[in-house]
1. If I model a spin label at I72 and S120 as a point 7 Å from the Cα along the Cα→Cβ vector, what separation in nanometres do I get?
2. Treating only the Cβ atoms of Lys and Arg (+1) and Asp and Glu (-1) as charged, compute the dipole magnitude of the chain about its Cα centre; round to the nearest 20 debye.
3. Could you work out Rg/(2.2 N^0.38 Å) for segment 77-140, with Rg from alpha carbons only?
4. Subtract the Cα-Cα distance of E153 and F60 from 0.36 nm times their separation in residues, and report this length gain in nm to one decimal.
5. Please sort through the DSSP H helices of the chain and keep those with an alpha-carbon extent of at least 24 Å along the long axis and a Kyte-Doolittle average not below 0.0.
6. Run the quick spin-label model on S21 and F109: label points 7 Å from Cα toward the beta carbon, then report their separation in nm to one decimal.
7. What Kirkwood radius, in Å to one decimal, follows from the Cα pairs of the chain?
8. What nm distance separates the two modelled labels at L1 and E127, each placed 7 Å from Cα along Cα→Cβ?
Amino acid sequence: LSLRLIGGLIYVQRLRRTGTSPLPLSWTVRLEAMIERSGIRRKLKILISRKVMVPMVIGFLRPVVLVPAGIISLMPVDQLESVLAHEIAHIRRYDFLVNVLQSLIEALFFYHPVIWILSSNVRQEREKCCDDFAVSLCGTLSVYARALACLGEFSTGTSLHSVAITGNRNKIV
């Protein structure tokens, strides 16, 4: 599990540097306003990635949001904003750092079933908290629900499965 954790960290850092490009200026301005409303004071980098199928946050000191290349043109603006608000909530809550610490605990206590049950519950609750923040930042629940449905449709294309740092199977192009 320790090797998987280290390999996952290396792979995630590689995602930051390969196959990425900056967002169009119109989106950059829009997202800077959303980041300011969220209360985050740090400078965030938001990049388009050809290697991910769903938006994700990488890093906690210099966080980067990776956005799949296809969804910028496929999703309506309000839905994409709500999805990105979810990712901004992860940054605001330092979830990447929490996830690394949680993965370390799982590696240390891999033999204990209660750790795996608690860890799963903590991950689900973190996602729910970020969902609530996204809805409060961007508007209605129905827009966010449609955005998640759209992401589900987008990510059902043919792709390879890879295990992320969390141990969850994620689709990677």
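1. Here the answer is 3.7 nm between the modelled labels.
2. Values: 21 positive and 12 negative charges, 131 e Å.
In debye, rounded to 20, the chain gives about 620.
3. Numbers: Rg = 14.2 Å, N = 64, 2.2 N^0.38 = 10.7 Å.
Expressed relative to 2.2 N^0.38 Å, the Cα Rg reads 1.33.
4. Values: separation 93, 0.36 × 93 = 33.48 nm, distance 2.91 nm.
Computed gain between E153 and F60 is 30.6 nm.
5. Details: long enough: 113-138 (38 Å, 0.10).
Flagged H segments are 113-138.
6. 4.6 nm
7. Details: mean 1/r = 0.0599 Å⁻¹.
Result for the chain, one decimal place: 16.7 Å.
8. Distance between the two pseudo-spin positions: 2.0 nm.
Each reported figure results from applying straightforward, stated rules to the coordinates on display, with no laboratory input. Everything numeric here is computed off the predicted structure, so don't read it as measured data. We place every Cβ from the backbone using ideal geometry, glycine too, and count neighbours over all the protein chains shown.
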